[in-house]
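Report on one structure; see the data block that follows.
The values are calculated or read from the model by the stated rules, or taken from the named source; none is laboratory data. Keep in mind that what you see is a predicted model, and the values were worked out from it rather than measured. Glycine gets a Cβ as well: all are built from the backbone with ideal geometry, and neighbour counts include every protein chain shown.
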Amino acid sequence: MSYESFHSRAGDYFGTCPVTGKRGYTSRKQARRARQGSGHVHGNPYKCRHCGLFHLGRYKAAKTRDEYRGMVDRGYVHVNTARKELGVSLNVLLLALDHLGVTPENSHIPASVLHQLKQLTYR
C-alpha cells in the first residue's frame, strides 16, 4: 500500500466508539470508501446512536452489543466461546453444566465455571 493511499483513508478515521469499539467515520461516504479500500467486504455504514459517527457493520448487531458487553463485563462467557476453548461439543458442555448445577443465563456462563472446566479437562 502506498503512503499516499494509506493517509488518504486514515484521514477519514476518527478513533473508535467508546461503546461499540468500532472505527468511526465522519460521513457515510467516508465509511464506504474505507470499506472499499480495506477489503472489508461485509457490513454497511450506519450512524451510531452513541457517538454520532458512522461505523461499518450491521445496526442490529450494534443494538445487541450493549447487552452482550454487559455480560462480558460481569465476568460471563458465551457458551459457544466456552465450548470452543474446551474443545467439546455443545451437548457435552451443556451436560457438564447440568451436572454442576449451572444454568446458562442468556447463553452465557460465569467465567469461573469455564475456568473450573478448563482445569478438569486439561490434558
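Scan segment 8-35 for residues that are in a strand (DSSP E or B) and either exposed (fewer than 15 other Cβ atoms within 10 Å of the Cβ) or modelled with pLDDT under 85 (or both) and report the count.
5
Where in segment 77-123 are the helices (runs of 4 or more DSSP H), entirely inside, with at least 1 residues that are basic (Lys, Arg)?
Correct list: 79-86, 111-120.
For segment 97-123: of the residues being of a type in the set (S, T, N, Q) and in contact with a helix residue (DSSP H, G or I) (Cβ under 6 Å, 6 or more places away or on another chain), which is nearest to residue 85 (Cα to Cα)?
Top of the filtered list is 121.
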